[in-house]
1. Pairs under 9 Å by beta carbon, first residue on the phi > 0 side of the Ramachandran plot and assigned to a loop (DSSP other than H, G, I, E, B) in the range 20-39, partner at pLDDT 95 or above and among the β-branched types (V, I, T), six or more apart or different chains?
2. So which residues in the range 246-273 are basic (K, R) and modelled with pLDDT of 90 or more, if there are any at all?
3. Restricting to the range 198-212, and then to whatever is over 15 Å from R239 (Cα atoms) and among the hydrophobic types (A, V, I, L, M, F, W, C), can you tell me which residue is surrounded by the fewest Cβ atoms within 10 Å (Cβ to Cβ)?
4. Out of the residues in the range 227-249 meeting the condition of being exposed (fewer than 15 other Cβ atoms within 10 Å of the Cβ) and free of Cβ contacts under 8 Å to residues at least 40 places away in the same chain, tell me which one is nearest to R48 (Cα to Cα).
5. Of the residues in the range 164-197, how many are touching a residue at least 60 places away in the same chain (Cβ under 8 Å), farther than 30 Å from L122 by Cβ and surrounded by fewer than 18 Cβ atoms within 10 Å (Cβ to Cβ)?
6. Tell me which of these R138 doesn't satisfy, since it passes every other one: (1) charged (D, E, K, R); (2) crowded, with 19+ Cβ neighbours inside 10 Å; (3) modelled with pLDDT under 95; (4) in contact with a Lys or Arg (Cβ under 8 Å, 6 or more places away or on another chain).
7. Would you check if there is a residue in the range 145-157 being of a type outside the set (F, W, Y), outside any helix (DSSP H, G or I), under 25 Å from G76 (Cα atoms) and touching a Gly at 6+ places or on another chain (Cβ under 9 Å)?
8. Quick one: in the range 7-52, of everything that is acidic (D, E) and closer than 29 Å to V144 by Cα, which residue is surrounded by the most Cβ atoms within 10 Å (Cβ to Cβ)?
Amino acid sequence: MGRFWTDQEILDEINKRRWYHKIALRPGIVTPGISLLENVWNMTRQSREYIQYSGKRVLDLASFDGMWAFEAEQRGASLVVATDCMQPLYLNFEFCKNILQSKVLPLYNTSPYKLWEGLQVLLMDDFTEPLPFPHQIRHNQFDVVQHLGLLYHLRDPMWTLSQCRSVIKPGGHLLLETACILDTNQSIMVYNGAPGQMNRIYKDDTTWWLPSVLCIEEMLKSTLFEVIPESIRTIPSGRINNYNAGRISLVARAISGSEIDPNCHAELLRIFRNPGIVPDYL
């Protein structure tokens, strides 16, 4: 799994790089990461306790340096796939994978909008248990999808949630963490502003939306997920332009189309106007 690194060599290499995640590589050796996010990460770990990882197939989106993917492996997952669409980040991931002697599979050219297309090689074939089509795909779908710190950076959040549902088994779990609007009973999603003016809530050109908690729950229901209420955790970020911003983490169970209103199920099947969900596996 690569050459042996001394502790000093690891520390020297860490200091050459910029880090987003804090990843424990050896006792006393941790990548620096962004300390301001530690409370968000710890909140997410609390929600994660509602998921059993042992022996499960896990998909990690927006993996960056790979912290969540490596932690899923350490919790006993049988397969972990790390995806991102920012290729430069792969160098940090590769370094950590080498030190940890990890078996996490990196696919750092996979968009959250094209999970079904980008992961077909994994979904179509499994030589350990060959099955006829489409049973092979159903067998190879993921048990857990980790969608962390990503939703509010996407122009079309419903599409990516639909794609998550397309690659997850019924009864599987979605671990979601995102920026949100707190302290409102309304189902709203606040647009952060047009390009060059994206500062309605966060002064950040990569932030598109902040949904309310109810909006998140309803979007998940509309993409065939059912939130586990006791898994919900929130952290306030303060009041910004009359909005109570914060972060939320939760676990949602993937449900089948037969578990929702028949008319809504029929509408989801109209993929010409509701794209994203692969209808054969509802």
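The values are calculated or read from the model by the stated rules, or taken from the named source; none is laboratory data. In this text, all values refer to a predicted model and were calculated from it rather than measured experimentally. Here the Cβ positions follow ideal geometry from the backbone for every residue, glycine too, while neighbour counts run over all protein chains shown.
1. From residues that are on the phi > 0 side of the Ramachandran plot and assigned to a loop (DSSP other than H, G, I, E, B), the pairs are G33/I23.
2. Correct list: R247, R253.
3. Restricting to residues being over 15 Å from R239 (Cα atoms) and among the hydrophobic types (A, V, I, L, M, F, W, C), the top hit is M198.
4. P229
5. Final tally of qualifying residues: 2.
6. Only one criterion in (1) charged (D, E, K, R); (2) crowded, with 19+ Cβ neighbours inside 10 Å; (3) modelled with pLDDT under 95; (4) in contact with a Lys or Arg (Cβ under 8 Å, 6 or more places away or on another chain) is unmet by R138, namely (2).
7. Looking through the range 145-157, at least one residue is of a type outside the set (F, W, Y), outside any helix (DSSP H, G or I), under 25 Å from G76 (Cα atoms) and touching a Gly at 6+ places or on another chain (Cβ under 9 Å).
8. Our first condition is that a residue be acidic (D, E); within the range 7-52, this holds for 7, 9, 12-13, 38, 49.
In the following step, the residues that additionally are closer than 29 Å to V144 by Cα were identified as 38, 49.
Numbers: E38: 11, E49: 9.
Among those that are acidic (D, E) and closer than 29 Å to V144 by Cα, it is E38.
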